[in-house]
Structure formats: structure tokens, C-alpha cells
1. Could you list, ordered by first residue, the pairs with Cβ atoms under 6 Å in which the first is in segment A:144-171 and in contact (Cβ under 8 Å) with a residue 24 or more places away in the chain and the second is aromatic (F, W, Y) and buried (at least 19 other Cβ atoms within 10 Å of the Cβ), at least 6 apart or interchain?
2. Against the condition away from chain A (no Cβ under 14 Å), at pLDDT 95 or above and within 19 Å of B:D257 (Cβ to Cβ), how does B:Y67 come out, does it pass?
3. Applying the selection to segment B:123-163, what residues are surrounded by fewer than 17 Cβ atoms within 10 Å (Cβ to Cβ) and either more than 14 Å from every other protein chain (Cβ to nearest Cβ) or within 17 Å of the chain's Cα centre (by Cα) (or both)?
4. Which members of segment B:220-233 meet the condition of being loosely packed, with under 14 Cβ neighbours inside 10 Å and over 16 Å from B:I150 (Cα atoms)?
5. Quick check: anything in segment B:168-181 loosely packed, with under 15 Cβ neighbours inside 10 Å, away from chain A (no Cβ under 14 Å), free of Cβ contacts under 8 Å to residues at least 60 places away in the same chain and under 22 Å from B:Y321 (Cα atoms)?
6. For segment A:56-73, check the following and say yes or no: at least one residue is farther than 24 Å from A:Y142 by Cα, in contact (Cβ under 8 Å) with a residue 40 or more places away in the chain and either assigned by TED's automatic domain parsing to the domain that holds A:V258 or buried (at least 19 other Cβ atoms within 10 Å of the Cβ) (or both).
7. So which residues in segment A:201-231 are facing chain B (nearest Cβ under 8 Å) and in a loop (DSSP other than H, G, I, E, B), if there are any at all?
8. Can you work out which of the residues in segment B:316-340 that are more than 16 Å from the chain's Cα centre (by Cα) and part of a helix (DSSP H, G or I) is surrounded by the fewest Cβ atoms within 10 Å (Cβ to Cβ)?
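The values are calculated or read from the model by the stated rules, or taken from the named source; none is laboratory data. Worth saying up front: this structure is predicted, and the values here are computed from it rather than measured. Quick reminder, even Gly has a Cβ in these numbers, built from the backbone with ideal geometry, and neighbours come from all protein chains shown.
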Amino acid sequence: MKKNIYQPIKAVIEEVIEETHAIKTFRLRPEAEFNFATGQFIELTVPGVGEAPFTPSSDPGVKERLELTIMNVGEVTSKLHTLQKGDVVGIRGPYGQGYPLDKFKGRDILIVGGGVGLAPLRSLLFSLFSGIDNYNKVVLRYGSRTSGDIVYKTLLPEWGKKDKVDVLVSVDVGDSSWPGNVGLVTTVLDNTGVDYSSAAAIVCGPPIMMKFVTLKLLDLGFQPPDIYLSMEKSMSCGLGKCGHCRIGKFYACKDGPVFTYEQLKDIHDIWD
Amino acid sequence: METYFLKNDDLLKFYERIEQEYDLYVPVKAESALKYEYEGKAKLPAADYFLKKFSQVNKEEIVFNEYRTVEPTRAFLTHYKEDIGNYKERPQALCGIKNCDIFSLKVQDFVFLEGKEVDPLYKARRDNTLLISGDCPHFKEVCFCRAFDINPYPAEGFDFNLSPLNNGYLLDVASQKAKMIALSLKGILMPATLGQLSGRAAKRESVNRRMDEHLAQHKIPKKEVLQEIVLSGYNSGVWQDEMRTCVECNGCVFMCDTCHCFLLSEDSPSGNARRLRLWDGCLLKNFTKVAGGANPLRLRYMRLRNRYLKKFDFFIANLGYQACCGCGRCIEVCPGKIDIRRILRKLYEEKYIPAN
């Protein structure tokens, strides 16, 4: 029998962390060392149910473990959410082009996250933190629907205390228990202290959020090559063969999932 | 490349020799439901051909197919549903392959053999496949290879090629594999004469001419403008108009020889789940649906447009030519009579022929 490029390796669930009522972080221990670059994605198999693509939310510097922060929305994820410590899943990858850290050196970095879209960005933040001297400053603006939907509740304040790091969380709909900012994430991008003419912006969230954040960033003076978007489509093979994730002349799995807006701006209906 | 003459009476010996080393598939005539009614003048053949296993047919059933078979050749290289974790490949020989199919195999090769990873199952099968192609002395109403400068006879990409001539065939021997087989068939192969070669050239000219006459009425745009017209036609009403009769059977995709999309899946709810690969298709409703319900191709016209963008923009940008060989299988299979020739023509006319 020959090598099967679509065959996952086993990974044991070591811990399940409940982030919100619908989102859990799974800490996995793969049966072999698993390397990935921040922003690359993997295919996760729930045995007998199927596969789905996710971008790890953990520090790529940690080789023996892998964390995935996953919302319960579909067939694979709803089964996954019933799994517990000790259960076994499959993983294969990593696939695609991640965040180009080299291009961020010496610049202000504005990171804009929406909802569970903070998951890949957490991996990016860990990477940035471990080489923080290379960057001018890191500004995170995170939007969540309600305060109950915020992920990494304990980490966010810790990040905000770090040197050269600024964090602001905003919720779309406020309530009496939420002391922070209320408003869409697009309303907290104006006075960030970031030099918009030279900064890099990294956006990850639901398509509608990415659309309006991109428009806002262009408005603020960002150039299309400086806006990095995570375009996660329906991806099955991860290798540019199965044909599901075409965006114009690209495949999201092979040419992305991280694209600059420059690459995508002339393609129709990219936000659909 | 060496060319020999093989008498009609000896064709079976040729097949039997191939059969010693390969699972051989040969063309047989078949009654099929795929009758495309044509309203024009030309009297065109309506028979259909399938490939069947040589070992399982009555030898008198075997024919020389005058044009491509019903099934796409890619069906012999990736199966509709297969276990990709556990396979054993026996060498196979495919007879009756036409130049449109050979063109399509270039697209399949690009998908499965190029890029960061080679698909090992496809590669094993491709390497183990002997292609015995043939000229097309005729064509079907739906055939339009010449519209995209693909000839109804191959010049390369085969191991053997058969060109019917008088009471036999000219046999081109192209590959090393083919040469080895030809060596063992010396008794029945005679070097082709100049007269035979020019006879073949004249037959080829004749089918070209007849096909060009037939295609003139369809006004199919040249391959050089395909990318431009599908991009400029993004917001055209053509997609909506043409989609009205689509019943979402996905037949156009499954019969297409250049389509390649697939879905990885598992087939058992517990234990040793097998990893399956299934043909998928972009005309199916959930092709691009993501968990949570969002679906970039949620409407039928979007899916039709997507298919054309993939074939005529994506592939031209990434491979250098279109993912369409002009075999017409999609036209023939469509219960809604959606015709790729008509869609391309309309897109072209919308761009280049101003409405008055």
C-alpha cells in the first residue's frame, strides 16, 4: 500500500476548555510531532462523521500539542463538542499560506477579530508576543456579539497588560454585566494609535464583519496590500485538488487561507 | 513515432496481445438514451459507444468507435466512489480514446499530479494505463472540439493510435511501452507506405472540413476570448436565463471529462472508518456550503456561472488553457437542454455585438 496523502494521524484530546456556551477549545496531543506556521489550517477528522478545516489557535512554537477553538455549528463540530478528554480524533496538514510574519517586522500591527475568528488570531498573537521586539506595536480590536460570546475571557486582559500591546474588546449588544465598550468592531478602529499609512492590518471573523472592517480600513488609509484577510471556505482536500474553495484564480486552501486584499479586490462576491 | 498497417482481420490478435498484460477495455456499440435531436440539415450518426472489458464481450460486438464514447475517460482514472486508503492497481488498457479525451487527461494530470502533492492513487492508475486512441472519422451533433482548435484525431498523448484506412488501420506506436508490444507483433504489422499516410491525411482533412461546416452554424467563440467573455459576462442575464431548465442532476459535471472535483468522506459510523473519495460537482446545491449555513453558490445561476468561471477563467489562468475539450457530453446528457455552445455564444455576442 502506498502513501496516502489524505490520511490523518491520530490525536488524543487532552483537555476541553469551555469558552462560551457554543465554543470550546480542544487541546490535542498528536501521535507525532506536528509543525505548523501561524495562520495555516488543518483538516480535523471526527471518526465516522467527517472532516472539517480549522486553523489552530495555539502557539506554533509548541510542537507536541495543538489547540483548536471551535464553534458548534455543523455536523462535524456538533459531534466534536460531545467528545471528551481521552477521545481520539484525526488531523492532517498543515495546509496553505499562513501569516507572513516577516512582512510585519518593524511595523505597527492592527489585528481585528470578530467572534470565533479570534481563534487563528490567538495563534498569531502568541507568535508576535514571542518575538515582540521585532514589531513596533500590536493593537487588538475584538468584537463579539454579546459579552457571553467572548472567547479567551481570561487571556484578553492579560494580553492588554503586555508591553507594546493594546487590547480593546467591544460587544455589539451590551447588557448590565458588561462594563466595556458597546458597538460594532468597525466603530473602535478610528483612534487606535496605529500609523495607518505604514501599518499592517490582519482581519479574521465572519464574512460580513470582514467586509465592513476592510472598507473601514481602506477609509482610514490602509492600502490593499497591507490588509490581510483569512478566507476560510469549504475546503475538503487542503491540497488544491478537490475544487471546493475556488476564489477567482485562487484556491483558498493552497493560495490562502490568508490573502491580502490586493489579491482579492478585483474578484466578484468575495464576501459571500 | 513509427506507423504500421494492421489488417482488419488482425485487430483481434492485437487486442489479444494487449490483453496478456492489461485489463483491456474495448468499444462496443450500445443503445443509449442519450439521443440528441438535431434540427439542422446535417445527417449525423446517432449511435453510441461504451467501453467494455475485452474478456467479457463477444468478440463480434467489438467495433471501432467513430467518435468518443458515452462515458468520460476520467472515470477510468478516478472512480465515482472509491477507498483511497486501500487499493491495488492492475494495469489497464483503454481502447477507443479520442483526442478530446486526451486533451482532458492533461487537465486531470494537472490537478492530480502537479502541485505540492501528487495524488498517489491517480498516479498509480495513470502510470498503469495504456492508451490506445483512435481517429474520429465522424462526429456527433454535439461534438465541437475544432471550435477550440482540438482536432478529431490525436498527435500525441497516446501509446498507440488507430486510424481506420481501407481494409485495416494505420497503427502509430508512440511510447516505449507500445514499442515493446509492437516488437512482439512483427508478423501482423507492416510499415505504413507513403500512399497510406497520405490517404490518412486526406481522411483527416475531410473530417475537419465536415466538422467546420457543421460548427459554423453554432458560432462558438474562439478559445482566445473565452476567459474574457466569462469575466465580462459576470453580471449577464444569460446565467439566469439558461438556468431555468436546470433540474440540478449534476449530469453535466459527472459526464464531463475535465471536471475533477471530489469530496473526502468516511463510510462507517464507528471503528475502522474507510476513507472514501467521491466525485463531487459544483452544480450540486451544497458544494460550497460551510458549517453554519453560509453558501457562496446558493442559487442555481451562481452555480452555473461558477462552472464556467472555473473552466474558462481559473484553468486558463493557472494551466494556460480551458478545461473544456469540446466533447459535448454535457450537452447530450442535460435534460434541460442547457447547451455550453449557446451560452458561450450568447456571452460573446453580449460583449462584441451591441444590441440595436
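1. Pairs found: A:V169/A:Y142.
2. The answer is yes for B:Y67.
3. Residues of segment B:123-163 that are surrounded by fewer than 17 Cβ atoms within 10 Å (Cβ to Cβ), as a first pass: B:123-124, B:127-128, B:138, B:149, B:155-156.
Listed by number, the residues that qualify are B:H138, B:D149, B:A155, B:E156.
4. Residues satisfying the conditions do not exist here.
5. No, there is no match, as no residue in segment B:168-181 is loosely packed, with under 15 Cβ neighbours inside 10 Å, away from chain A (no Cβ under 14 Å), free of Cβ contacts under 8 Å to residues at least 60 places away in the same chain and under 22 Å from B:Y321 (Cα atoms).
6. No: zero hits.
7. Within segment A:201-231, none qualify.
8. So the residue we want is B:A317.
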